[in-house]
Structure formats: structure tokens, C-alpha cells
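Peer 1: After the C-alpha cells below, expect a handful of questions from me.
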Number of protein chains: 2
Amino acid sequence: MSNTGSSEEIRYDYTNVMADRVGERDGLSEAELEGLAEAVRGYHDEITAERRSGELPFMDLPQRRDYVEGAAGFAASVRERFENVVLLGIGGSALGMTALQSALNHPFHNLLDGEQRRGPRLFVVDNIDPVLIQGLLDVVEVGQTLFVVVTKSGQTAETISQLMLLTGVLKERLGNGMREHVVAITNPERGALRSIAKAEGLVSFEVPEGVGGRFSVLSPVGLVPAALAGIDVEGLLAGASAMDKRLQTGEMTGNPAYAGAAVHYLLDVKHGKSVAVMLSYSHQLRDVADWFRQLWAESLGKSRTLSGDEVHVGQTPVKAVGVTDQHSQVQLYVEGPSDKMFTFLAVEEPGVDVEIPGEHLEEEACVYLGGRRFGELFRAEREGTEIALTEACRPNATISLAQVEPGTVGGLLYLLEVQTVMAAKLYGVNAFDQPGVEAGKVASYALMGRSGYEAERVEMERKLKGAKRRSV
Amino acid sequence: MSNTGSSEEIRYDYTNVMADRVGERDGLSEAELEGLAEAVRGYHDEITAERRSGELPFMDLPQRRDYVEGAAGFAASVRERFENVVLLGIGGSALGMTALQSALNHPFHNLLDGEQRRGPRLFVVDNIDPVLIQGLLDVVEVGQTLFVVVTKSGQTAETISQLMLLTGVLKERLGNGMREHVVAITNPERGALRSIAKAEGLVSFEVPEGVGGRFSVLSPVGLVPAALAGIDVEGLLAGASAMDKRLQTGEMTGNPAYAGAAVHYLLDVKHGKSVAVMLSYSHQLRDVADWFRQLWAESLGKSRTLSGDEVHVGQTPVKAVGVTDQHSQVQLYVEGPSDKMFTFLAVEEPGVDVEIPGEHLEEEACVYLGGRRFGELFRAEREGTEIALTEACRPNATISLAQVEPGTVGGLLYLLEVQTVMAAKLYGVNAFDQPGVEAGKVASYALMGRSGYEAERVEMERKLKGAKRRSV
């Protein structure tokens, strides 16, 4: 039953963000939380109305049976034929799948033999460093590879240039066999990738209209590659759907997404916690923290409110991994500036556990470990870190999953998406645009000599060269 | 010649941190920089004197021929015998080797065939999640594996528990053959791992006295696993040594480490840039940013100055990767709070480059890309991001390497270590301790029932249970 997604298997515990735990300067008072309850109820009504009028299509993805069946059906029909699946995409086209792969497949999936793996080897190629591109070609036989090309706009420079390369390589190796090796996931109507898909007769899937990249993991963007990698996409959506039901209340005290939004918002604007650390005490969930980095940063990091006031808001999301970062970041977290809040990701029951055998017991440093399990030590270190942060008046909360399986992972991703939408309401910003990336994009088009950017090019080159250089 | 380490192949360009580029509120004035020059000279004299009196042994590692020869000799004698090298260590025992592996070996090293690889497959296991531990055992045949166990204290719980496990597994599979499969790198005299190494007759190397984990990458801690992985450790040290010579001046304008320290310090304390983003426009250097996270956070994140004043200082280091994070973090970086400074890592000449063929040229979005190289696009995107950040008054600097090879990587790591030591002088804190991790460690010992922590255990359990829980 667990993989049909009992969303109750996800708990958000915010005990340690309260002033009675970490003091009044750093923690929330009852009054602060209660003072926000009315606003949250109002925004909940707004969200519900917007959803009904079709303005928030990402919220309906858990109910899109057509998407899950399309993805699962396609995967079943081709999975056996390929040794490798290569996802070409960047940002929202890549981070969701990376999170799903880490969470739900073997930690060394690509090193397993074919019989041990649930699907082909999977490569998510979300950069264009030529060293990486050449490296990929060294280890992937293109004739045994399915390339999944994902770009919402259909013209993302990084992804399109990768597509151009593999088209060339596939033609050279296989003549006109490209059609069997490339799948397109893009806008249903517009953009270069859609045109190419039509011209070449590629299998294609849509990025639903109105669903931004960072909210697209439960659409074909995440479902198609996940299904190809052998992940139970039905379970994923069932978990998201169960979470959706749980998030129907406008009362923070019953809605973990709204509680999370309120906690983050209040800690930032009232208590100066401008950094939001997601500290995953799960090797499997570590890349959920990376996916969340984009979700939180791009949705909330804005210079203007919806009404046009200049604000420059947005917490800086930081990915951290327990226990690893105890030996790297915890010194700063405990003693440095009190400008951070922490969200632990915890798992109640590890999918497997391993005993620490009673070896070297002549050493005192080994005695307390012998006969215990790694899962116990892992938990003790998380709890120890939680205690240390709390003692140091550093507000921290914990999202715990009963186990890591498709249902809880789907529920967790959906919860964090809704948390982000509510947080944007509280900050008064547009969760769904990203005007700040335009300037860099234009500059690089200009530097690359793209047609229509000639004037910008002259300007850019002047800027790059004009300054008094200081270097050593 | 390049891999003998011409340190001039590393440049630090801080043009875009100055007020004439990003404005007076966010950028440094000439006066601010000049005002620090005298202090930097004085601290340079202190550092020089401390080094002479043996208090800064990490600074002499580039000259330790004995270490490099020991590592290279050992590696040559055993490398052919093993399919896998597994590094068991955490924090400073792991991050340096991870950075070296990413920088100097093939991006898919572990997937190459034996003949294509320069050394065994390499696994750095710096966590204790049982899912990861079991996963490792699934893909590594212990009979074909050399385990390199690294802990400075000799009693790090995570590493010792991993050692206990593999001792058990090795005994079970190989009887008394453990000796051939385990190498210890630890304190020369003290600690559990040293005792075990003596008792079992293991090959061992020393973590030099007085060299902390985060400053140990150029000691046997980094050199032994790097040599096993086929990395040119001679070249690495030659580059560090050349950089060391270049850092002999106390004048910021001629010393990139001191310039970097001054820029970070002034931007933090005078201009509120409490977050230091290292933005690697190199797939190979991305884990240098992770290694730097520990170096910067643990060395500078302190609650008290050397004279005991309560301060709570320390920038929050953030790892980012270009171009990937343009599609995740740049929106926040450009429009969000102006609380960040940026250090680009750039590479002038990629080791390989790949042409983007002229495919799909009927699409306007493909025309400007056809016939160009990925290296060109990668550079245009970095420069575009640099321009966009500068236009948005976000101070940014660039460390560029002529190429990524052992000499420049060794030089870069050494530069950043010395930058950190100078920064600690400017903040007035001890770069070499980490008192803030003790509380969490004690708490987890207590929760695990380690002997001697009984009183703490009672207290901890009270704390974990005592609070009014708030959860949803």
C-alpha cells in the first residue's frame, strides 16, 4: 500500500523554530504565527480560485492520468531496446529527474549490470562544458542510446546545441535512424524543438502550457525519463495526489505546505534568516535539495512585488547533506552569524540497513558502535545536530518521510511546490516569472553573434573591455 | 612544461568588485583597499614568522618530497592489482580527493573500461546512510578492492564504523587477507586507527601533526588516493610550490591570495556581502567549490575572536555551477537581496573542445550555433553572466586557470588555503579550530550510548522529548 501514497507518511515538525525553543530574537512567537493565519486563509482562497480558473495548471498534474499513462506506455515499449537514456535539458528540465533518480533508483545505478538494473543507464547532461560533452560521447554508444531532449521554450541554447551535436553524430553513425533515438519534450505548438520534432517525425510529449520548468517534475518532463529509468510513475503521482487532498485546508495548522511557507517567510522578514538550508539526512533525498534550490530561488528571488514596488527579496537556498556536512558546514551553522534557518529531511525507516560488526573491540572508539546499525548511527547524528542547532538558537524544522518510495517522494515534491506558491503570496511576488535571467541571456546571444543582437554586441564588448582591469 | 606548475597560469581578476563598476554601496573604494594594505603587510609578517617557527606546517607541504614520493611509490606498487579504490573518510579526509578526481580524471572515470582508465575505479564514501553503504557493497567486489581509510583523529565515528564493516566483510570473504586490502592514513602516533594499523600490520601513512583536515589535501590525505587514481601528484605539488613562491610578497597587489582575502573581508564587513558564491564555469572544477565550502566555513565561521570577544562571523560559502545554475540561481543572484559576492572559476583553454555541427539550420534558434564550438558558447555564457551581475551591481571576481592540469589545480588549492589564513587574520579568528562541532558530536555519542556520556544522554533525551511538539 505504501507506494500508492499515503501522504500522512510525511510530517512537517516545526517545534524548533519557536521562541520557546530558540529564544525570542531567533524564533517565532505564537502571536507572529497566529497573526499570519488570516492572510494565509485569504491566499488559500486566491490559490483555490486561480486553480479553478486554470491559472495554476501545475496543481492539476497529479490528476493527469493521460500523462502518466503516456509516459509509462512509451517507456514499456522502448526501455528494453536501449542500454542508455541521456536526458538533455537544463534547470527545470533536469533537476526534477535528477532528484527522482537519486531518490528512487540504486545509488550506483549506472554501475549495475543490465540484469540488476531496473532500466537503462541514465545520464542527465545539464551543462555544456566541452569536457563533459566529450566525456559523454566516450562512454555512451549512441546506437544503443535514447536521447530525451527537454526544453519548454524549444530554443534553450544549451539544449539545442546538444541536440544539434547528437543529430550530427546519429546521422554519421546511423544514417537516417535518428528518429528511433530521439524523443522531444517541449511546448505543444511553438518553438524550434517542436518544429524539428514534426519535421523529423520524432516521438514527442508536451510541456503543458502554463507549467513553468521548475513546477514541471510531475508532467511529462519528469514522468517520461522517470518511467524510462524504471521508476514507478503511477506511485509518484498517487503520492502527489494524496498530498493535494491533504493541502485543501486553508488552516496552517493542518496544512504542511502553508505551515512551511509561513515559517520561512516569518523567519526571513521578522528574524533575519535570509538563508534557508535544506539539510538532507538521506543520501537518496540529497538532490531534492538541489531541485528545491531552483524552486525557491527563481520563484521568490525578485526585485519587485506584483504591484511594482522595488523590494529585492528572496531567501538564499542552500543544499547540505547530513552527516557529510557536519564535517564541513556545521561549525559555521552553530557559531557563525544567525542568518540561517534549517530544514532537515529525515527518513524514519531506511529501505535497507547494515549492521556494524563487532570488530576491533579492543579500541574504546569501536566499542559503542559494535553490533549497532548504520541506520541508528545516522539517526543519532541527525538528532545530535538538531539538538546542537537548537541549543545554539538556530531555528530548525524537519520534514520526515516514513520511507523513501515513489508515493512519499511525489508527495514531498508537490508539498514543496505548493509551499513555494504560498510563500510567493506572502512576499507579494510573482512565483512564475524570472525576468532577472534575461539580461545574461541577451548578453550571451550578443557575444555569440546571434542575429538581431548586433547593437547589444557592440555595447557588451565595450563593457567587457572598457573597465580598468585589476588583476594579479 | 605546463604540468610542472607555472603559477602565472592562474590569475585573480577583481575588476568587478570595485565601486567604479558596481557602485559605492556594493563595491569597494580605492580607499578601502588601500586602508587594509598596512594590516595585510603586518599579517603577512606574522604568517611568515609562524611558518618559520613550525606553527603552519600545511604551508610546507608543497616541499615535502618524502610525501609525494611515498604516495607515488606505493601507488605504482599496488595500482595494477585492484579494480577499485574506496576512500573511507569524511570532511577534510574526502573533499580534497573528490575535488582532485573531478578536476583531473575523466568525467565518467568509473564507467570507462579498464584499459581506458588511468587507475582503478574510485569511490569516495563520505556518508553513512545505510542505503549508500549497501549500495557500495552491491557494486564493489571487496576481493578486488583497496580501501583507503582516512581519519586524522583516528576515531571519527563515521569512518571507524565503515572500517569495522569492511574488516568484517573482508574477514568473511578472505580470511586473514585484510592486510592486503586496507591502507590507513591517520595520526602518526595516536588514535584507534593507528593502533589497528599497528596490530594488523597495515600499510599506513601519516596525517602530519598540526595539519587540519581542511588543509590536508596536499599531504598523504590527498596524495595517496590521488596517486592510486593515476593523478600526477608530482605535478600537483610543483604547482603548489610555484604558487607558494608567488605568495611570498606582503603586497596585496602582487599576491592573489591576499587580494582575495581582502576583497572577501571588505565586501562582507563593509558592504554586507555575507554570502560568498563560488561559481564554477568548469565541470572539472565544480568540486573545488565544495572543498572550498569546508575551508571557508570551518576556518572563518566563529563565535569568538582570538581575544575572546563574541562576534559570530563567517561568510556562508555557496557552491554553484555555470552554466547549470544560470537556470536555477541567477534570477535570485541578479534580483534578490544584494547580500552576495561571486567568484567565478574560469578556464581559458578547455582540454578538449567539441564542434556544434550545422544541423537544423532551418531553425533561427540553431543558426547562430551551427559551426561554433561548445567552448565558445560556454565562455559567452560566463561572460554574459558576468556582465549581468555587474550591471545589477553584484560584485564579482574571477579566478582563471590557463588550463585544468595538475600544476594549476595544485596552485589553485594552495592559493585558496593561504587566502583563508589571511582572511582569518583579518577577522581576528582562529583558522584552525572548530569548537562548534563538539556539541553535536557529544550529543550523538550520548544518543548512541558511548561510555562516559551517560549524564549527557539523560539530558539529551529530556531535550528531545521535553518540548511541546508542533507538527502537521
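Coordinate-derived values only; no laboratory data. Here the structure is a predicted model, which is why all the values come from computation and not from measurement. With ideal geometry, Cβ positions are generated from the backbone for all residues, glycine too; neighbour counts draw on all protein chains shown.
Peer 1: Could you calculate the FRET efficiency of A:GLU349 with A:SER307 from 1/(1 + (r/R0)^6), where r is the beta carbon distance between them and R0 is 51 Å, rounded to 0.05?
Peer 2: My answer for the efficiency is 0.60.
Peer 1: Using r as the Cβ-Cβ distance of A:GLU80 and A:ASP60, and R0 as 35 Å, what FRET efficiency do you calculate, to the nearest 0.05?
Peer 2: Step by step, r from the Cβ atoms, then E = 0.60.
Peer 1: Still on this structure, please answer the following. Placing the label point 7 Å from Cα along the Cα-to-Cβ direction, what are the distances from A:ASP60 to the equivalent spots in the other copies, shortest first, in nm to one decimal?
Peer 2: 7.2
Peer 1: Determine the equivalent ellipsoid of segment B:55-153 by diagonalising the alpha-carbon gyration tensor, then write out the semi-axes as square roots of 5 times the eigenvalues, largest first, rounded to whole Å.
Peer 2: So the three semi-axes of segment B:55-153 are 24, 18, 13 Å.
Peer 1: In nm, what does the list of distances from A:ALA39 to its counterparts in the other copies look like, shortest first, when each label sits 7 Å along Cα to Cβ?
Peer 2: List, nearest first: 3.8 nm.
Peer 1: How far apart, in nanometres, would the label points at B:ALA199 and B:GLU438 be if each is projected 7 angstrom from Cα along the Cα-to-Cβ direction?
Peer 2: Reported label-point gap for B:ALA199 and B:GLU438 is 2.8 nm.
Peer 1: For segment B:199-258, would you read off the P(r) tail past 18 Å as a percentage of all alpha carbon pairs?
Peer 2: 53
Peer 1: Quote the relative contact order of segment B:106-191 in percent (integer), defining contacts as alpha-carbon pairs under 8 Å separated by 6+ residues.
Peer 2: For segment B:106-191, the relative contact order is 32 percent.
Peer 1: Within segment A:453-469, name every residue whose backbone N is under 20 Å away from a label modeled 7 Å from Cα of B:GLU391 along the Cβ vector.
Peer 2: A:453-468
Peer 1: Given the -39500 (n - 2.57) contribution per DSSP H run of 4+ residues, what per-residue ellipticity at 222 nm results for chain B, rounded to the nearest 500 deg cm²/dmol?
Peer 2: -14500 deg cm²/dmol
Peer 1: Next up: Could you tell me the center-to-center distance, by alpha carbons, between segment A:421-465 and segment A:6-59 in angstrom?
Peer 2: Cα centres, segment A:421-465 to segment A:6-59: 33 Å.
Peer 1: Describe numerically, in nm with one decimal, the distance between label points set 7 Å from Cα along Cα→Cβ at B:GLU38 and at A:GLU38.
Peer 2: In this crude spin-label approximation the distance works out to 5.8 nm.
Peer 1: Something else: Can you pull the Kirkwood radius for segment A:58-234, inverse mean 1/r over Cα pairs, to one decimal in Å?
Peer 2: 16.0
Peer 1: Just the number, please: percent antiparallel of the DSSP beta bridges in segment B:200-352, rounded to the nearest 5.
Peer 2: 15
Peer 1: Please give the net charge around B:GLY250, taking every other residue with its beta carbon less than 15 angstrom from that of B:GLY250, where Lys and Arg add +1 and Asp and Glu add -1.
Peer 2: Charge balance in the 15 Å sphere: -1.
Peer 1: Okay, next question. Relative contact order for chain B using alpha-carbon pairs under 8 Å, separation at least 6, rounded to a whole percent?
Peer 2: 24
Peer 1: Restricting to Cα atoms and excluding each atom paired with itself, what does the Kirkwood estimate give for segment A:135-281 in Å?
Peer 2: This gives a value of 18.4 Å.
Peer 1: Which is the longest run of chain B containing none of the GluC sites (Glu not before Pro) found in DSSP loop states (not H, G, I, E, B) with at most 14 other C-beta atoms within 10 Å?
Peer 2: B:363-472
Peer 1: Could you tell me which of rounded, prolate or oblate describes segment A:259-327, using a ≥ b ≥ c as the square roots of the eigenvalues of the alpha-carbon gyration tensor, with rounded for a/c under 1.5 and, failing that, prolate when a/b is larger than b/c and oblate otherwise?
Peer 2: Taking the square roots of the gyration eigenvalues as a ≥ b ≥ c, segment A:259-327 is prolate.
Peer 1: Decide, for segment A:328-421, between rounded, prolate and oblate: order the square roots of the alpha carbon gyration tensor eigenvalues as a ≥ b ≥ c, take rounded if a/c falls under 1.5, and otherwise choose prolate if a/b is larger than b/c, else oblate.
Peer 2: Oblate, because a/c is 1.5 or more while a/b does not exceed b/c.
Peer 1: Before anything else, pin down the relative contact order of segment B:58-234: Cα pairs under 8 Å, at least 6 apart, normalised by residue count, whole percent.
Peer 2: With pairs under 8 Å counted, the relative contact order is 34 percent.
Peer 1: Let me ask something additional. Taking only the alpha-carbon positions of segment B:97-200 and ignoring solvent, what does the Debye formula give for the base-10 log of I(q)/I(0) at q = 0.10, 0.14, 0.19 Å⁻¹?
Peer 2: With no solvent term, the Cα-only Debye profile gives -0.31, -0.62, -1.09.
Peer 1: For segment A:316-472, what ratio Rg/Rh do Cα atoms give with a Kirkwood hydrodynamic radius?
Peer 2: That ratio equals 1.16.
Peer 1: Which value results when the Cα radius of gyration for the protein assembly as shown is divided by 2.2 N^0.38 Å?
Peer 2: 0.89
Peer 1: Can I ask one more? So how do A:ASP138, B:ASP129 line up by other beta-carbon neighbours within 10 Å, fewest first?
Peer 2: Going from least to most buried by this count: A:ASP138, B:ASP129.
Peer 1: Right, next: Among the trypsin sites (Lys or Arg not before Pro) in segment B:371-472, which ones are in a DSSP loop with at most 15 other Cβ atoms within 10 Å of the Cβ? Mind listing them?
Peer 2: Counting only loop positions with at most 15 other Cβ atoms within 10 Å, the trypsin sites (Lys or Arg not before Pro) in segment B:371-472 are B:LYS468, B:ARG469.
Peer 1: Based on a Kirkwood Rh over C-alpha pairs, give the Stokes-Einstein translational diffusion coefficient of segment B:33-78 at 10 °C and viscosity 1.306 mPa s in µm²/s.
Peer 2: Once the numbers are plugged in, D ends up at 121 µm²/s.
Peer 1: On a C-alpha basis, how far is the centre of segment A:224-297 from the centre of segment B:284-360 in Å? Whole number, if you could?
Peer 2: The two parts, judged by their Cα centres, are 24 Å apart.
Peer 1: When the Kirkwood hydrodynamic radius is evaluated over all pairs of different C-alpha atoms of chain B, what value in angstrom, to one decimal, is obtained?
Peer 2: Evaluated on chain B, it is 24.0 Å.
Peer 1: Along Cα→Cβ at 7 Å, what distances in nm separate the A:PRO188 label point from those on the other copies, shortest first?
Peer 2: Counterpart label points of A:PRO188 in the remaining copies fall at 7.2 nm.
Peer 1: For A:GLU46 paired with B:GLU180, estimate the spin-label separation in nm (one decimal), with each label point 7 Å from Cα along the Cα-to-Cβ line.
Peer 2: 7.0
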